[in-house]
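Trainee: Encoded as structure tokens, here's the structure I'll be asking about.
The values are calculated or read from the model by the stated rules, or taken from the named source; none is laboratory data. This is a predicted model, so every value here is computed, not measured. Cβ: placed from backbone, ideal geometry, glycine included. Neighbour counts: every protein chain shown. Only protein heavy atoms, including side chains, enter the accessible area calculation; ligands, DNA and RNA are left aside. Shrake-Rupley method; radii C 1.70, N 1.55, O 1.52, S 1.80 Å.
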Amino acid sequence: MESTEHFDVVVVGSGFGGSVAAYRLAAGGLTVCVLERGRPYPPTSFPRDPAGLARNLWDPSGGLYGMFDIWSFRGLEAVVSSGLGGGSLIYANVLIRKDERWFVKEDRRTPGYEYWPITRDDLDPHYDAVEQMLDGQTYPFEHAPYSSTAKTRAMKDAAADLGLDWRLPKLAVTFANKGRPPVPGEHITGEPDNLHHASRTTCQLCGECDIGCNYGAKNTLDYNYLSRAQDHGADIRTLAEVDRMDIHPRGGYVVRYVQHDPLVKADPAEPRTTAVHADKLILAAGTFGSPYLLLRNRAAFPALSPALGSHFSGNGDLLTFINHTRTETGGFRALDPSIGPVITSAIRMPDALDDAGVQGRGFYVEDGGNPAFLDYLEEVSGAPSITLRAASFLLRRLWAHASGDPRSNYSEQVSAVVRGGDRSSSTLPVLTMGRDVPDGIMSLRKGDLELDWTTHTSDAYFDRVQTTLARIAHALGGRYSNTPLWLFKRVITVHPLGGSPMGRDRDEGVVDSFGEVFGYPGLYVADGSVMPGPVGPNPSLTIAAFADRLSTAVLSRTGSSSR
Ligand SMILES: Cc1cc2nc3c(=O)[nH]c(=O)nc-3n(C[C@H](O)[C@H](O)[C@H](O)COP(=O)(O)OP(=O)(O)OC[C@H]3O[C@@H](n4cnc5c(N)ncnc54)[C@H](O)[C@@H]3O)c2cc1C
């Protein structure tokens with residue numbers, strides 16, 4: 001079998017798992033190649049114009065090489081990212097450790113059972129290392145102008161009213177330069193150069209985190225782990241999409257990837273493929289990417305676990321909205337979702353595992369946000385009222401001309417036409433996530449990825465979530481509403497997990513507790529797909545900590561230097 005280049009390690013994908021592994025292994029002295037299907041996104045490169053946004057999707061067969069990769073299955077829709085830095089490019093920056101008691105160890109005979117072969121103690125040193133590198137800062141709510149953020153204040157007030165546990169989680173965002181008070185839009189100083197050779201500024205509170213931060217205020221993986229991996233010699237290749245993997249007859253693995261070129265129309269009959277050989281292969285292509293690669297290449301890996309595709313969960317994600325909020329005296333209460341980073345705070349609802357007095361599965365409720373241009377869409381969806389105001393304005397102008405009204409300044413009347421904003425300002429997206437039942441199964445259907453998953457087995461969990469949201473909305477004098485998808489009991493998840501679960505043995509898991517694939521020494525999986533159940537809170541920090549632990553194990557097995 002021909003192969004042109006050799007590396008100690010090839011890493012497929014550059015999200016939370018891939019970036020951490022690439023940096024740790026390169027820093028440990030191994031030769032590393034990172035293959036990432038998407039492109040790099042330096043500051044100012046994230047599109048904002050309608051044409052750019054419309055093309056910002058990932059589907060090379062349709063000539064699209066953008067950042068959003070949207071999947072639709074029976075029971076759920078899912079959004080993941082394609083680009084250098086993976087999900088960090090579009091995530092909402094929240095870094096929360098998995099709760100100590102949520103590392104569930106259930107009996108194999110329980111339907112939809114969950115068993116974590118690791119504990120919080122196993123991950124804690126790795127959480128420390130990742131938090132340090134991602135430089136998480138809490139939202140500086142005690143300082144002006146941050147203290148007037150309406151949505152943060154609303155969540156805090158509602159939690160206080162209901163006696164719930166409200167907190168400011170760490171966010172991978174730079175609000176302040178080291179040793180200085182936080183200031184929006186300040187040049188970030190004292191940092192080593194990054195792989196884009198670009199300068200960055202502190203958070204401008206524009207609510208654009210989920211469509212890519214054009215200011216470089218988010219501490220995305222390209223500015224830290226990937227830049228440092230490159231400093232240590234890692235060869236990072238973008239628009240390089242892996243499609244085949246084989247065992248090399250003389251040891252190690254051969255990986256084939258398609259080199260995309262957005263400027264040249266691809267010929268599906270003759271894709272431009274390149275092969276690389278590695279002693280160790282680390283799959284970090286995400287919860288859909290890695291199981292999909294393993295399923296498609298199963299013939300080359302006949303001893304893969306029967307658990308491949310199992311234990312899928314949407315991490316209990318439910319997107320809802322709180323709207324029509326009012327003050328205690330009945331006045332309008334603004335929530336202003338476009339001011340602030342996308343998420344600022346979280347309410348933690350405990351689990352029966354935490355406290356015998358609690359019934360049900362635990363979850364987190366987080367205030368959401370959106371870019372300001374979505375506020376305009378929200379207002380236009382109330383178009384009849386705008387049309388009426390415009391008609392009234394025209395009539396008043398005609399009457400002024402006919403009656404010889406001498407006033408020439410009619411700014412106030414124009415303002416009355418465009419006035420409003422109440423609708424968008426009092427509608428807050430709210431994201432809830434937690435411990436749903438991880439019983440989804442991924443498989444292949446005519447070569448495409450298929451997912452068998454339903455909300456029904458998690459009905460009790462979703463009912464508890466909805467009751468809590470109704471109470472929070474009520475405490476704010478408002479109502480809560482679901483997305484139209486919920487009419488069909490479908491959810492949108494941004495936290496898909498499972499598919500290559502870790503387990504105690506080959507029957508239970510695809511990988512062991514260090515991410516190594518049962519039956520294939522040197523083949524690893526390091527991404528959300530190894531989670532054997534929901535993480536509960538936002539999962540990126542746990543995925544990164546798992547990859548850090550995996551890397552320590554790889555380095556000690558190869559006798560290389562660690563951290
Ligand atoms: C809108 C949004 C907001 C979010 N907010 C948060 C948050 O606040 N906190 C949090 O913890 N999580 C958040 N998440 C989830 C978070 O982004 C994911 O959990 C995380 O990115 C998963 O990490 P990963 O390493 O498993 O995979 P990913 O980060 O998805 O990385 C996988 C990478 O592999 C690449 N890839 C896939 N297939 C191939 C292939 N065949 N060849 C080469 N490369 C390939 C992809 O392009 C991608 O870059 C959010 C997600 C979204 C969509």
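Trainee: Specify whether the C-alpha gyration tensor of region 95-224 places it in the rounded, prolate or oblate class, a ≥ b ≥ c being the square roots of the eigenvalues: rounded for a/c under 1.5, otherwise prolate if a/b is larger than b/c and oblate if not.
Mentor: oblate
Trainee: Please give the charge dipole size of region 179-292, origin at the Cα centre, charges +1 on K and R Cβ atoms and -1 on D and E Cβ atoms. Round to the nearest 20 debye.
Mentor: Here the size comes out at about 200 debye.
Trainee: Largest first and in whole Å, give the semi-axes of region 130-205's equivalent ellipsoid, each being the square root of 5 times a Cα gyration tensor eigenvalue. Show your work: numbers first, answer last.
Mentor: Working: eigenvalues 163, 40, 18 Å².
That gives 29, 14, 9 Å for the three semi-axes.
Trainee: Using a 1.4 Å probe, how large is the accessible area of His197, given in Å² and rounded to the nearest 10?
Mentor: Approximately 140 Å² for this residue.
Trainee: Along the Cα-to-C-beta direction of Leu263, a point sits 7 Å from the Cα; which residues of region 231-246 have their amide N less than 18 Å from that point?
Mentor: 238-240
Trainee: Between 0 and 90 degrees, rounded to the nearest ten: what's the tilt of helix 120-134 against the longest Cα principal axis of the chain?
Mentor: 60
Trainee: Relative to the first principal axis of the alpha-carbon coordinates of the chain, what is the inclination of helix 16-27, with its axis defined by its Cα atoms, in degrees from 0 to 90 and to the nearest 10?
Mentor: 50
Trainee: Given that compact globular proteins tend to follow 2.2 N^0.38 Å, what is the ratio of the alpha-carbon Rg of the chain to that value? If you can, show how the numbers build up before the last one.
Mentor: Details: Rg = 24.9 Å, N = 563, 2.2 N^0.38 = 24.4 Å.
Against the compact-globule rule of thumb, the ratio is 1.02.
Trainee: Taking the Cα centre of the chain as origin, sum charge times position over the Cβ atoms of Lys and Arg (+1) and Asp and Glu (-1), and report the length of that vector in debye to the nearest 20.
Mentor: Rounded to the nearest 20 debye, it is 900 debye.
Trainee: Something else about it: Between the helical axis of 383-403 and the dominant principal axis of the chain, each derived from Cα atoms, what acute angle in degrees is found, rounded to the nearest 10?
Mentor: Helix 383-403 sits roughly 30 degrees off the main axis of the chain.
Trainee: Among the DSSP beta bridges whose two residues both lie in region 1-91, what percent are antiparallel, rounded to the nearest 5?
Mentor: 60
Trainee: Let me ask something additional. Out of the DSSP beta bridges found with both residues in region 44-117, what percent are antiparallel (nearest 5)?
Mentor: Of the beta bridges lying entirely in region 44-117, close to 90 percent run antiparallel.
Trainee: Which of Tyr127, Tyr223, Ile543 sits closest to the plus end of the dipole of the chain, meaning its Cα is farthest towards the positive end, when Lys and Arg get +1 and Asp and Glu get -1 on the C-beta?
Mentor: Of the options given, the answer is Tyr223.
Trainee: Also: For Arg24, tell me the accessible area in Å² from a 1.4 Å probe, rounded to the nearest 10.
Mentor: Answer for Arg24: close to 10 Å² accessible.
Trainee: Straight distance only, please: which lysines reach the Cα of Lys489 with their own Cα at less than 29 Å, same-chain residues fewer than 8 apart left out?
Mentor: Lys98, Lys105, Lys151, Lys446
Trainee: Work out the charge dipole of the chain with +1 on the Cβ of Lys and Arg and -1 on the Cβ of Asp and Glu about the Cα centre, then indicate which of Tyr253, Leu469, Ala372 is farthest towards its positive end.
Mentor: Ala372
Trainee: Hey, another quick one. Given a 1.4 Å probe and every protein chain left where it sits, what share in percent of the accessible area of the chain is carbon and sulfur? Mind dumping the intermediate values first?
Mentor: Working: 12740 of 23340 Å².
Roughly 55 percent, rounded to a whole number.
Trainee: Placing +1 at every Lys and Arg Cβ and -1 at every Asp and Glu Cβ, with all other atoms neutral, what dipole size does region 51-141 have around its Cα centre, in debye to the nearest 20?
Mentor: Value, rounded to 20: 340 debye.
Trainee: I would also like to ask the following. Is it possible to state the helix-based mean residue ellipticity at 222 nm for the chain, with each DSSP H run of 4+ residues giving -39500 (n - 2.57), the sum divided by total residues, to the nearest 500 deg cm²/dmol? What is it?
Mentor: Helix contribution divided over all residues of the chain: -7500 deg cm²/dmol.
Trainee: A further question follows. With an 8 Å Cα cut-off and a minimum separation of 6 or more residues, compute the relative contact order for region 278-372 in percent.
Mentor: Answer for region 278-372 is 18 percent.
Trainee: Further, regarding this structure: For Arg326, Arg272, give me the order by solvent-accessible area with a 1.4 Å probe, most accessible first, ignoring ligands, DNA and RNA.
Mentor: Descending accessible area places them as Arg272, Arg326.
Trainee: Report, for the chain, the % of DSSP beta bridges that are antiparallel, rounded to 5. Don't jump to the answer; show the numbers that get you there.
Mentor: Details: 59 of 83 bridges.
Here the antiparallel bridges make up roughly 70 percent for the chain.
Trainee: Another question about this same structure. With every protein chain in place, what's the accessible area of Arg256 (1.4 Å probe, Å², nearest 10)?
Mentor: Looks like 40 Å² after rounding.
Trainee: Report the extension gain between Arg471 and Phe488 in nm, rounded to one decimal, defined as 0.36 nm multiplied by the number of residues separating them, less their alpha carbon distance.
Mentor: Stretched out fully, the Arg471 to Phe488 stretch lengthens by 3.8 nm.
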